[in-house]
Amino acid sequence: MAIASVVVAAPSPASGTKPLTPELMLTLARPSTAALSPNGHFAVFSASRYSFETSKTIRNLHLLGLSDHNTLSDLTDQAPDTNHDNPIWLDEKHVAFLTNGQLHVKAIGSDDKPYAITNFPVEISNVKFNKASNLLAFTAAVYADGSLQGAKDKDEDIKANKKDTALAFDTLMVRHWDQFIQDKKNNIFVVKIKKDRENKFVLDGKEINLLLNTGLESPIVPFGDQGDYDISPDGKELVFVSKINTRDNAWQTTTHIYTVPTTGGVAPKSINPESVGAASHPVYSATGNSIAYLQMLKPQYEADRNRIVVYSKGQSRIVAKDWNRSPSAILFDSKDENIFVTAEDQGRAKIFKINLQTEAPEVIVSEHSQSGVALVDDNTLLFSTSSLTSPNDVFTVNVNTKAIKRRSNIHAKTLENIYRATPEDIWFKGDQGRDIHGFLLKPIGFDPAKKYPLAFVVHGGPQSAFNDNWSTRWNPNVLASAGFVTVFLNPTGSTGYGQELTDAIANNWGGSPYIDLMKGLDHVLEHHSYIDSERVAALGASYGGYMMK
């Protein structure tokens, strides 16, 4: 088991002399967000690494000792073809994880090899565990009969007897994003676990399909994941999100939040049946007395502002309803007094605290981009941070003092002496006098007396944003390492600057956004004399590709 102590201090990334090449970027570790142990002493996360030599990706688990000088070790081996993901804690000493679509268990502090706890007929995913009732929840794609074995049998029959790959549809929708709609639907299952005579975890009974014969699907394809459902603290109930299955669902965004007993045999009940927009990310409070979720109000619109809804005792209320930001995740404190949310804000993904009485948002972490927020205690949050200069690392923050503590430095050795430009904020007046924001990166070996070519990058969406986060799709620092001044702006239609700016792109794709971009280009050429106006390249994909035309 490889062990390394975390180096807390690191040199400025802008001081590096070696370029960040596309090859290096693609081989960097890609850590997931961290799962916190029940006692708060450890965190575990998966990380994948691609090798150009083998043309393969290895994904294994890493253990971070939060109460042990932040020591970082491999919990599972970095062996060829390893694919370990979705780690969850079964207790203080055992971590379960998915590999090849089945759940395995590894004891921390032990050299014992992982062992399988499931052997279902088909692959499972999106696993969660509730210790209070020893309840394991997972999702699997099944056919109308709702059984795992039935899914395997029909898959094998199709493979043996179907001679073509054609798909036939007599209803909409046909495809969402890049996935065709299949006969198989995602369903949520639960099953109990226990320890056997050898003190190993085993299944305790048969799995129950909580969505059997309901016509509901969760997680929602193609982007649904663990965030589409949650288990109540006592393990007796489950909340999930599902899209309407009416004939017009192809052009509707309507999704509803449902609760269902984990004993099965009872039809799920919607807690927001009046919803006409998209609802998402349902979570229980720590006491189990409330459910919070995110709700868009506008139908047929995927870029509406998420409102925070708290449901308790049959009543719902919108929290911080006038806050002009769109949260993407919710976490309760232990007393149901505050919630913590992440939300885009002016090119960053920040952590906010909202008191449920005052409903006033308070920034807790303001720099870079945060995700995977977990409650260590009511004074401390664990979270992952990425930036334009680094992939995910693990941090904690004191919610009272706002003091942030680095807990991991996964990329220190790999990125040692690698140039990564520190982003500079750009603000200028765009179309109709709107304030438009973006970033600028200086090239490797920058000399203000020299002239440099400009890479002018346009984001897709169009209702999205360039944020101060790490990306392996569009990584501006790769361009900066190639010798370009790199500029990337958030024009009209972008998110994180108020809903008015996002909405202003409607029926206006080639109007205000284009004017913003041209004004932004004029702005950087005027204010940065080291940019060579004769060597300007524009880049973009999706909506950015539309703009290239």
With Val239, Val266, Val190 as the choices, which residue is within 30 Å of Asp91 (Cβ to Cβ) and either in contact (Cβ under 8 Å) with a residue 60 or more places away in the chain or in contact with a Cys (Cβ under 6 Å, 6 or more places away or on another chain) (or both)?
Val190
Going by the structure shown, is Asn477 part of a loop (DSSP other than H, G, I, E, B), at pLDDT 95 or above, within 25 Å of Ala29 (Cα to Cα) and out of contact with any Gly (no Cβ under 8 Å at 6 or more places or on another chain)?
no
Which residue pairs have Cβ atoms closer than 8 Å, lie 6 or more positions apart in sequence or on different chains, and pair a first residue in region 503-524 that is among the basic types (Lys, Arg) with a second residue that is loosely packed, with under 15 Cβ neighbours inside 10 Å and at pLDDT 95 or above?
Lys519/Lys429
Please go through (1) without any contact (Cβ under 8 Å) to a residue 40 or more places away in the chain; (2) surrounded by fewer than 20 Cβ atoms within 10 Å (Cβ to Cβ); (3) under 30 Å from Phe42 (Cα atoms) for Thr385 and return the number of the only condition it doesn't satisfy.
(2)
Among the residues listed as Ala449, Ala403, Ala374, the single one being farther than 16 Å from Asp468 by Cα, among the small types (Gly, Ala, Ser), outside the structural domain of Pro491 (by TED's automatic domain parsing) and surrounded by fewer than 17 Cβ atoms within 10 Å (Cβ to Cβ):
Ala403
Members of region 37-61 found to be within 17 Å of Pro87 (Cα to Cα), among the small types (Gly, Ala, Ser) and part of a loop (DSSP other than H, G, I, E, B), listed by number:
Ser37, Gly40
Looking at Asp468, is it under 30 Å from Val524 (Cα atoms) and either in a loop (DSSP other than H, G, I, E, B) or among the aromatic types (Phe, Trp, Tyr) (or both)?
yes
What's the number of the condition Trp427 fails, among (1) assigned to a loop (DSSP other than H, G, I, E, B); (2) without any contact (Cβ under 8 Å) to a residue 24 or more places away in the chain?
(1)
In this structure, does Ser481 turn out to be polar (S, T, N, Q), without any contact (Cβ under 8 Å) to a residue 12 or more places away in the chain, assigned by TED's automatic domain parsing to the domain that holds Gly430 and surrounded by 15 or more Cβ atoms within 10 Å (Cβ to Cβ)?
no
So, in region 346-370, exactly how many residues are part of a strand (DSSP E or B) and small (Gly, Ala, Ser)?
2
Look through region 249-258, keep the residues that are farther than 11 Å from Leu211 by Cα and in contact (Cβ under 8 Å) with a residue 24 or more places away in the chain, and return whichever of them is surrounded by the fewest Cβ atoms within 10 Å (Cβ to Cβ).
Trp251
Looking at region 426-446 only, could you name the residues that are surrounded by fewer than 18 Cβ atoms within 10 Å (Cβ to Cβ) and aromatic (Phe, Trp, Tyr)?
Trp427, Phe446
Single residue of region 12-52 satisfying the filter (at pLDDT 95 or above and β-branched (Val, Ile, Thr)) that is surrounded by the most Cβ atoms within 10 Å (Cβ to Cβ):
Val44
The strands (runs of 3 or more DSSP E) lying wholly within region 62-167 that contain at least 3 residues that are touching a helix residue (DSSP H, G or I) at 6+ places or on another chain (Cβ under 7 Å) and not assigned by TED's automatic domain parsing to the domain that holds Lys405 are 135-142
Going through region 324-351 in order, the residues found to be closer than 21 Å to Ala403 by Cα and polar (S, T, N, Q) are Ser334, Asn338, Thr342
In region 396-420, what residues are part of a strand (DSSP E or B), touching a residue at least 24 places away in the same chain (Cβ under 8 Å) and under 23 Å from His41 (Cβ atoms)?
Thr396, Val397, Ile404, Arg406
In region 192-230, anything farther than 18 Å from Thr262 by Cα, touching a Pro at 6+ places or on another chain (Cβ under 9 Å) and buried (at least 16 other Cβ atoms within 10 Å of the Cβ) is listed as none
Options Ala151, Ala140, Ala166; residue that is among the small types (Gly, Ala, Ser) and over 18 Å from Leu216 (Cβ atoms)
Ala166
Tell me which residues, restricted to region 311-330, are farther than 16 Å from Ala279 by Cα and of a type in the set (A, V, I, L, M).
Ala320
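Results for (1) under 22 Å from the mean Cα position of the chain (by Cα); (2) surrounded by fewer than 19 Cβ atoms within 10 Å (Cβ to Cβ); (3) free of Cβ contacts under 8 Å to residues at least 40 places away in the same chain, shown as yes or no for each residue.
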{"site": "Lys93", "(1), (2), (3)": "no, yes, yes"}
{"site": "Phe97", "(1), (2), (3)": "yes, no, no"}
{"site": "Lys106", "(1), (2), (3)": "no, no, no"}
{"site": "Gly109", "(1), (2), (3)": "no, yes, yes"}
{"site": "Thr118", "(1), (2), (3)": "no, no, no"}
Please specify each residue of region 53-87 satisfying the condition of being small (Gly, Ala, Ser) and loosely packed, with under 15 Cβ neighbours inside 10 Å.
Ser55, Ser67, Ala79
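The values are calculated or read from the model by the stated rules, or taken from the named source; none is laboratory data. Quick caveat, the model's predicted, so the values are computed rather than measured. Glycine gets a Cβ as well: all are built from the backbone with ideal geometry, and neighbour counts include every protein chain shown.
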